[in-house]
Amino acid sequence: SISDGSYVLLHSSRRTDAVILDALIEVSPKHDLIPKVARGLLAHQVKGHWANTQEDTFVLLALDRYFRVHEGVTPDFVSRAWLGDQFVGEHAFKGRTTETSVVRIPMAQVGTEPLTLQADGEGRMYYRLAMDYAPKALDLKAYDAGFTVLRTYEPIDNPSDVKRAPDGSWKVRAGSRIRVRVSMVASARRYHVALVDPLPAGLEAENPDLATTASAPSDPATSDRWWRGTWYEHTNLRDERAEAFTTLLWDGVYEFTYTARATTPGQFIVPPAKAEEMYAPETFGRSASDRMTIE
């Protein structure tokens, strides 16, 4: 534990991680934590470097050792895949390259059979398994695979503009302004996080940077946090969704709010709001889907 004197020792968490990575490679080069620590160090870099020269030096030395020990052999192998007893495909990799090979398996063929991967030859093989699917039902429950996400709608100008029906659906007065509040809980430190909230077709997000957008009252939930910045580094307000992005997200509870106007009467289905690590999308979470009536 380093206290207020940490600046004397040029201490930083990333430098400590680099020292641990170097030590693990020395004493236990096959330890399961080694690739995880290396991935964490790579994820903390911003614009190609770390926080200061001390971090840069220690991290680069540790990663250089990781490369020499774990990737010192030039790749020259053939990768193969089987689904149960069925041969899926193969691809030959030779030399250091960014080349990738993608094999797609129809969902109808994915069952209880195990998927087997093999690398025949020299070098380290990196692979990724993913599943793309479309749900049969339009009403989806919330799901937590690393993030907890909750979405609510609030009135801005008149308390009667937004109401929630006993069945959980939302009723919004046409022409009114509403505040969309998306709450997100990260159970652990996450990297390159994207929070995306789809808009129902009857709502249009309002861009506060435009001169023609009316100013909204301050958010009562955050009005006492004038000394804090936002957790996100960048936002996008698009025709059909609102997005917030950050490079690094510590474990905790976060909120993303924006205003929208009910422009089109009708009944609409609102897809779930979703949070995910962009480069590790298996770490994600979504809110429940919603139904909204604008009248």
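The values are calculated or read from the model by the stated rules, or taken from the named source; none is laboratory data. This is a predicted model, so every value here is computed, not measured. A quick note on method: Cβ atoms are made from the backbone with ideal geometry, for glycine too, and the neighbour counts reach across all protein chains shown. Areas reflect the complete protein model, heavy atoms only, side chains present, ligands, DNA and RNA absent. Shrake-Rupley method; radii C 1.70, N 1.55, O 1.52, S 1.80 Å.
A few notes on this one:
- Residues of region 186-196 include at least one that is over 15 Å from K274 (Cβ atoms), at pLDDT below 95 and open to solvent by 60 Å² or more (accessible area, probe 1.4 Å).
- Screening Y66 with (1) modelled with pLDDT under 95; (2) under 30 Å from R189 (Cα atoms); (3) touching a Leu at 6+ places or on another chain (Cβ under 9 Å) gives one miss only, at (1).
- Options E277, E255, E240; residue that is of a type in the set (D, E, K, R) and in contact with a Gly (Cβ under 9 Å, 6 or more places away or on another chain): E277
- Test: residue in region 30-47 that is assigned to a loop (DSSP other than H, G, I, E, B), touching a residue at least 24 places away in the same chain (Cβ under 8 Å) and closer than 26 Å to V193 by Cα: yes
- The listed residues are E55, E71, and the only one of them that is at pLDDT below 95, under 16 Å from I20 (Cα atoms) and open to solvent by less than 70 Å² (accessible area, probe 1.4 Å) turns out to be E55.
- Residue match in region 165-183 (condition: modelled with pLDDT of 95 or more, assigned to a loop (DSSP other than H, G, I, E, B) and under 21 Å from the mean Cα position of the chain (by Cα)): no
- For region 219-244, taking the residues that are at pLDDT below 65 and polar (S, T, N, Q), the one that is surrounded by the fewest Cβ atoms within 10 Å (Cβ to Cβ) is identified as S223.
- Of everything in region 135-160 that is of a type in the set (A, V, I, L, M, F, W, C), open to solvent by 40 Å² or more (accessible area, probe 1.4 Å) and part of a loop (DSSP other than H, G, I, E, B), the residue that is nearest to A194 (Cα to Cα) is A142.
- Counted residues, region 187-202 - those being in a loop (DSSP other than H, G, I, E, B), hydrophobic (A, V, I, L, M, F, W, C) and under 15 Å from the mean Cα position of the chain (by Cα): 1
- Number of the condition not met by A288 [criteria: (1) in a strand (DSSP E or B); (2) open to solvent by less than 50 Å² (accessible area, probe 1.4 Å); (3) closer than 18 Å to V172 by Cβ]: (1)
- Residues located in region 252-270, provided they are open to solvent by 40 Å² or more (accessible area, probe 1.4 Å) and closer than 24 Å to L138 by Cβ: T263, T264, P265, Q267, I269
- Contacts under 6 angstrom Cβ, first residue in region 49-75 being within 17 Å of H31 (Cα to Cα), partner charged (D, E, K, R), 6 or more apart: A62/D22; R65/D22; E71/R124
- For P35, the conditions (1) farther than 26 Å from T246 by Cβ; (2) open to solvent by less than 70 Å² (accessible area, probe 1.4 Å); (3) not aromatic (F, W, Y) are fulfilled apart from (1).
- Among the residues of region 271-282, those identified as open to solvent by 20 Å² or more (accessible area, probe 1.4 Å) and either among the polar types (S, T, N, Q) or within 17 Å of A242 (Cα to Cα) (or both) are P271, P272, K274, E276, M278.
- Consider region 74-101 and keep the residues that are outside any loop (DSSP other than H, G, I, E, B) and charged (D, E, K, R). The one that is least open to solvent (accessible area, probe 1.4 Å) is R80.
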